[in-house]
1. Can you pull out every residue in region 155-172 that is outside any loop (DSSP other than H, G, I, E, B) and crowded, with 16+ Cβ neighbours inside 10 Å?
2. Just wondering, is there one or more residues in region 125-132 that are more than 26 Å from H317 (Cβ to Cβ) and not basic (K, R)?
3. Is it true that L273 is at pLDDT 95 or above, in contact with a helix residue (DSSP H, G or I) (Cβ under 7 Å, 6 or more places away or on another chain) and outside the structural domain of I177 (by TED's automatic domain parsing)?
4. For region 72-84, which positions are buried (at least 24 other Cβ atoms within 10 Å of the Cβ) and in a loop (DSSP other than H, G, I, E, B)?
5. Among G346, G358, which is the only one that is crowded, with 21+ Cβ neighbours inside 10 Å, at pLDDT 65 or above and in a loop (DSSP other than H, G, I, E, B)?
6. P140 is checked against (1) crowded, with 17+ Cβ neighbours inside 10 Å; (2) modelled with pLDDT of 95 or more; (3) of a type outside the set (A, V, I, L, M, F, W, C); (4) part of a loop (DSSP other than H, G, I, E, B) and fails just one. What number does that condition carry?
7. Only residues that are over 21 Å from the mean Cα position of the chain (by Cα), among the small types (G, A, S) and either within 22 Å of P153 (Cα to Cα) or surrounded by fewer than 20 Cβ atoms within 10 Å (Cβ to Cβ) (or both): list them for region 215-258, please.
8. Just for region 318-343: of the residues that are outside any strand (DSSP E or B) and within 12 Å of the chain's Cα centre (by Cα), which one is nearest to S261 (Cα to Cα)?
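The values are calculated or read from the model by the stated rules, or taken from the named source; none is laboratory data. Source: prediction; values computed, not measured. Using ideal geometry, Cβ is built from the backbone for each residue, glycine included, and neighbour counts are taken over all protein chains shown.
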Amino acid sequence: MDPQLPVVRSQTLRPLAVPPHPALIGFVEGATRSGRLPAVAAGIWQEGHGPMLATSGRRSASAKVAVTDSDRWHIGSITKSMTALLLMRLGSRHGVTLETSLADLVSLPLHETLKPVTLRLLLAHRAGLTANPPTAQAFPRHGPVTHGAAHGPERDAMIAPFLLKPVNPGKHSYSNIGYMLAGHIAERLGADSYEALMRAEIASPLGLESFGFGPPRGQGPLDEPLGHTSLLGFFRRPVPSDSIRADLAACLAPAGLVHLSMGDLLSYGAAVLRLARGEDGIVSAASFADLTRSPDDYAGGWVKGEEPWSNGPFLGHNGSNQRWYADLTILPGKGRVLAFATNVFGLPGFGAAMRWRGIAAVRDEVTSQPASGASSKRSEQKRVP
């Protein structure tokens, strides 16, 4: 890892939005036309052009309040890439590298097989840890809603039993427990709560003004989109944002509880794109290249891949808390970021289907201006974040 670097502020990452291309409008309107998705937001950030945003649908399936471009969306496990960057920034100040062992980073009791596991393996889901806490713990059943507050002791108590079990590291096995442990490590390195460190080290330097934890909440019950439960993709039911069932337990934050506006999600993606293209930013480009180096297709909070249309390797991640779904794809070879989100989660395979449908809809359809006469049905409501 590297010494502290200056961070380019968000105004250089997020120029004024340009009108959305018809393909982007067509995607969001087509996705909500059947009514199975209450709302969809999508965006493209193109180097040299800036962000395009489009939204369609309702904040709640049971109310006629339309979503807008400045609404915020739960991004689920896309949070993991932010948690990994947080550790890179904090580690650079304490001589911590990706090869540092958990025995030197964790203050909780560890099984002997877990002690030599490196930070690299942890952030690549190759530490051998259990995937998830029990459902009864993952979804709270009582108590006040406190997303965004400090939850370190709660988090430690939830993961402690899993750290005493033997592990067989090396093979990829997706683990939310692992990223909760990453939150514990961040608190030890940063001497503050994970939530405060994320705001200070990630959100603030990148100018992510809409950043927060848990379901987005406004002053009124429909000031932001609501997440929805569904049964087999049908019977969508909005979940009030102040309900204890609106999100996972707050202590799971490092694994996936951030919310952002679509504009800020694109801005974050643009910062990552520049790192991936070899430009220093919130960490050095060399550190980012090291973070995303792996013998398989996952490293440092990112799925890695390459397709004929991607013009080289791409990075991506999706996320859901079973109330929302979001996806972020970084295309360094095209200088492009693709993102979309919806406020429901459906059938098994929903995430993969939405991901590739969204990418296919907009991957080759990027210009700085829409075709003549094209406009969003709700252009009068647009507020660029």
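1. R155, D156, M158, I159, F162, L163
2. Within region 125-132, none of the residues are more than 26 Å from H317 (Cβ to Cβ) and not basic (K, R).
3. Working: at pLDDT 95 or above: yes; in contact with a helix residue (DSSP H, G or I) (Cβ under 7 Å, 6 or more places away or on another chain): yes; outside the structural domain of I177 (by TED's automatic domain parsing): yes.
In short, yes.
4. I78
5. Values: G358 fails: in a loop (DSSP other than H, G, I, E, B).
Criteria check complete, one pass: G346.
6. (2)
7. G220, G233, S243
8. By that ranking, first place goes to W324.
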